[in-house]
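To keep things clear, I will list the structure first and then write my remarks on it.
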Amino acid sequence: MSRLFDAIRGLALGALLAGCGAAEAGPMGRAAPSACPPEMVSVAGRFCIDRFEAAVQERVGKVWRPATRALRLSGRAVRAVPADGIRPYGHVSEKGAALACEASGKRLCTSAEWLEACRGPQESVYPYGNEHRQGACNDDYKGRHPVIDLFGTSEGVWDGKHMNDPAINRQPDTVLPGGASPECVSGWGVYDMHGNLHEWVSDPSGVFRGGFYADAAINGEGCLYATTAHGPGYRDYSTGFRCCSDPPAADR
């Protein structure tokens with residue numbers, strides 16, 4: 001099954017790269033090599049963005065290991081890595097996400113960068129087009145609500161302790177590994193920007209975008225989804241991120 005998944009994702013990405021992914025369209029449509037690192041894609045030569053949402057590693061002694069989920073990232077030796085084929089990291093605040101990106105030599109995407117990467121060259125509503133496509137992205141949780149489903153009640157569970165229980169995202173039909181929804185890819189070749197996990201962007205007022213597996217419609221359609229109700233220190237089971245970077249100076 002894993003080989004089949006890799007083959008399907010490879011075909012989808014190959015079709016995208018043929019048009020605009022790892023290479024930028026140059027004059028008269030000629031392709032120019034991307035200057036972004038291999039785990040990132042170039043968006044119109046203006047910035048680089050990770051193909052996948054972020055996982056987090058923590059340094060233990062001299063060894064980098066997957067970070068313990070649901071713990072705050074501040075004050076820990078952590079770095080962001082693309083969640084290619086593994087589950088991305090939830091329970092993260094904008095502040096923690098920024099620290100993890102910086103430790104990897106990157107930064108959080110601005111809101112404008114995130115939107116451009118999600119909507120693609122055609123500026124579509126969803127990463128894959130203008131109409132919602134059932135099952136294309138991880139945006140259709142089958143349960144009642146992941147918090148209620150875990151604790152069996154809606155009373156007394158809407159607080160930081162309960163909503164950061166790592167068992168929430170261990171339930172079925174919650175967070176999927178990066179790239180597990182091969183149709184959920186933008187025209188630039190960026191995966192999972194709609195659904196799966198909310199993604200923090202760099203905004204001092206606190207903004208996360210894209211929706212998550214149990215709600216990707218309440219605050220806007222597709223790429224236009226944005227939550228602005230929480231400050232940059234907020235975190236819960238649904239909040240993730242991905243990193244951006246500037247292109248090399250010689251390529252600007």
Practice item. Taking the Cβ of each residue in E53, E58, E155, E116 as the centre, tally the other Cβ atoms inside 10 Å and list the residues starting with the fewest. Key: E155, E58, E116, E53
Point to revise | Potential extension, R46-A112 segment - 0.36 nm per residue separation minus Cα distance | key: 22.6 nm
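What is the gain in length, in nm to one decimal, between T228 and S205 on full extension, counting 0.36 nm per residue of separation less the C-alpha to C-alpha distance?
Going from the current span to full extension adds 7.5 nm.
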Check your understanding: Stretch D246-K142 to full length: gain in nm at 0.36 nm per residue minus the Cα-Cα span?
Key -> 33.6 nm
Check your understanding: When the Cα centres of the stretch 192-252 and the stretch 102-171 are compared, how far apart do they sit, in Å?
Key -> 8
Point to revise | Inter-label distance for E123 and A167, nm, one decimal - labels placed 7 Å from Cα along Cα-to-Cβ | key: 4.8
Study note, to complete from the structure: Non-local residues with an amide H under 5 Å from the amide H of V81, with H modelled 1.01 Å from N and Pro and chain starts lacking one, are A55, V56, Q57
Study note, to complete from the structure: From fewest to most C-beta neighbours within 10 Å, the residues V175, V201, V157, V92 line up as V157, V201, V175, V92
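For F241, F151, F52, what's the fewest-to-most ordering of other Cβ within 10 Å of each Cβ? Write out the running numbers ahead of the final one.
Values: F241 31, F151 16, F52 23.
Least crowded to most crowded, the residues run F151, F52, F241.
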Check your understanding: So, in nm, how far is label E39 from label A217 when the simple model puts each one 7 Å beyond its Cα toward the Cβ?
Key -> 3.4
Point to revise | Net charge over other residues, Cβ less than 9 angstrom from the Cβ of M163 (K, R count +1; D, E count -1) | key: -1
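Each value in this text was obtained by applying a stated rule to the coordinates, not by laboratory testing. Worth saying up front: this structure is predicted, and the values here are computed from it rather than measured. For neighbour counting, all protein chains shown are included, and Cβ atoms are generated from backbone atoms with ideal geometry for every residue, glycine included.
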